[in-house]
1. Among the residues of the range A:63-96, write down those that are within 14 Å of chain B (Cβ to nearest Cβ) and within 9 Å of the chain's Cα centre (by Cα).
2. Grab the strands (runs of 3 or more DSSP E) fully contained in the range B:1-103, keeping just those with 2 or more residues being touching a residue at least 40 places away in the same chain (Cβ under 8 Å), surrounded by 14 or more Cβ atoms within 10 Å (Cβ to Cβ) and away from chain A (no Cβ under 13 Å).
3. Can you confirm whether residue A:78 is touching a residue at least 60 places away in the same chain (Cβ under 8 Å) and either part of a strand (DSSP E or B) or within 22 Å of residue B:101 (Cβ to Cβ) (or both)?
4. State all residues of the range A:97-111 that are under 12 Å from the mean Cα position of the chain (by Cα) and either in a loop (DSSP other than H, G, I, E, B) or surrounded by fewer than 21 Cβ atoms within 10 Å (Cβ to Cβ) (or both); if no residue qualifies, say none.
């Protein structure tokens with residue numbers, strides 16, 4: 001069975017601090033996809049990144065960076081120099097990859113990030 | 001980028017009535033769509049997988065007679081909450097898989113349902 005664990009329920013930081021959101025996953029599949037989504041108070045899901053299981057290269061996009069380590073089944077997300085607009089709930093998600101195409105997402109419980117001025 | 005339109009964004013209905021939520025892929029075809037539910041301050045849970053031209057596949061514990069799903073075209077899936085009760089109040093969000101690539105799915109904006 002697939003499972004995604006986000007142990008941090010809520011994190012509070014002050015603007016300009018760096019913050020790392022943890023994500024640990026479980027799957028028996030050798031091919032899978034990992035995602036991060038941002039959910040602001042308005043509710044919509046904002047796609048941040050997708051990573052497939054064969055690509056362990058870390059990625060940086062502006063103030064965002066992701067560290068994928070298969071050895072520890074982790075896919076952590078770091079925001080550098082956080083801003084108030086980063087305040088939201090962040091979800092890590094896992095999807096198995098099959099020949100039939102993209103499958104359902106299994107979401108973690110989310111981490112609520114509060115960035116204060 | 002690909003756009004998925006979900007309508008309505010929010011709805012308030014009386015107990016016992018039915019509510020229909022639409023999920024439409026605007027610039028791509030989607031033979032498969034996913035319906036998720038999110039209770040306040042909780043995670044998103046898959047309710048069902050909707051397949052164009054066939055019956056939806058429901059997750060364990062989701063009542064198929066209460067949550068009717070119809071995927072009659074390549075761009076539209078609907079979720080009808082029948083005989084709604086206050087405990088059905090939730091955030092419902094759909095995701096449409098791009099049939100062209102089969103490797104990506106895009107989320108709608110979500111529908112906040114309040115049953116009074």
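1. Across the range A:63-96, the qualifying residues are A:90, A:91, A:92, A:93.
2. Details: elements: B:4-7, B:10-13, B:19-25, B:32-38, B:44-51, B:67-73, B:76-81, B:90-97.
By residue number, B:10-13, B:19-25, B:76-81.
3. Numbers: touching a residue at least 60 places away in the same chain (Cβ under 8 Å): yes; either part of a strand (DSSP E or B) or within 22 Å of residue B:101 (Cβ to Cβ) (or both): yes.
Considered against the rule, which asks whether it is touching a residue at least 60 places away in the same chain (Cβ under 8 Å) and either part of a strand (DSSP E or B) or within 22 Å of residue B:101 (Cβ to Cβ) (or both), residue A:78 comes out as yes.
4. A:108, A:109, A:110
The numbers here are math on the coordinates, done by the rules we state, and not lab data. From a predicted model like this one, the values you see are computed outputs, not experimental measurements. For neighbour counting, all protein chains shown are included, and Cβ atoms are generated from backbone atoms with ideal geometry for every residue, glycine included.
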